[in-house]
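To keep things clear, I will list the structure first and then write my remarks on it.
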Amino acid sequence: MADTEPVEEIEAPEKDVSKNVNSRKDRPTHSTHFGDQDFFDETTDEIGDATWAEVCQTCCSHDAQEWAYILFGLSLGLFFLYFFLVGLELLGTAAKIVGGCTAGSLFGDDTNPFSGLMIGILATVMVQSSSTTTSIIVTLVGANVVEVKAAIYMVMGANIGTSVTNTIV
């Protein structure tokens, strides 16, 4: 019997994932990334799944200037969203003040569908925008100046008014 010597275990050196890797063969998970050198040479059986660390490192690494642009864009978006909501609040308050009981008494308790339809059509033809007419109607409903039942016919009239405007133009 031959004497066997103990085999020394050799560990493979760990690969640094943070360096610029251009092939799935260089990654420990063998995951494929778009732009790899061998991206189009692989079959679906060879492709491995990417780890969350690889996804985060690839997609979420920005320098200081890019983070500044991102934060500036988010701040600007929130700024304009705030003023949009303030504008809607002002529109609702103005509808309460200007409309008051007059606009609400236009329909009274008995809602005439034909008159609501005609008001929607005429308002859209005059303003040339069904979106504006619908926004005004929604604001009047929110201000409790017009009932929801009457507003439904007005919005239908606004949509018909768009077709009338299109035919005129």
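The values are calculated or read from the model by the stated rules, or taken from the named source; none is laboratory data. From a predicted model like this one, the values you see are computed outputs, not experimental measurements. All Cβ positions, glycine included, derive from the backbone under ideal geometry; neighbour counts span all protein chains shown. Please note that ligands, DNA and RNA were not included when accessible areas were found on the heavy atoms of the full protein model with its side chains. Shrake-Rupley method; radii C 1.70, N 1.55, O 1.52, S 1.80 Å.
Worth a mention:
- Extending 7 Å from the Cα toward the beta-carbon at both T51 and T167 defines two label points whose distance is 6.7 nm.
- In this rough spin-label picture, where each label sits 7 Å from Cα along the Cβ direction, the F114-N22 distance is 7.8 nm.
- The residues of the stretch 109-169 expose, per residue, 59 Å² of accessible area to a 1.4 Å probe.
- Here the label points at E42 and D63, each 7 Å from Cα along the C-beta direction, are separated by 2.8 nm in the simple model.
- Here the gap between L122 and F83, fully extended at 0.36 nm per residue and compared with their Cα-Cα distance, gives a gain of 11.1 nm.
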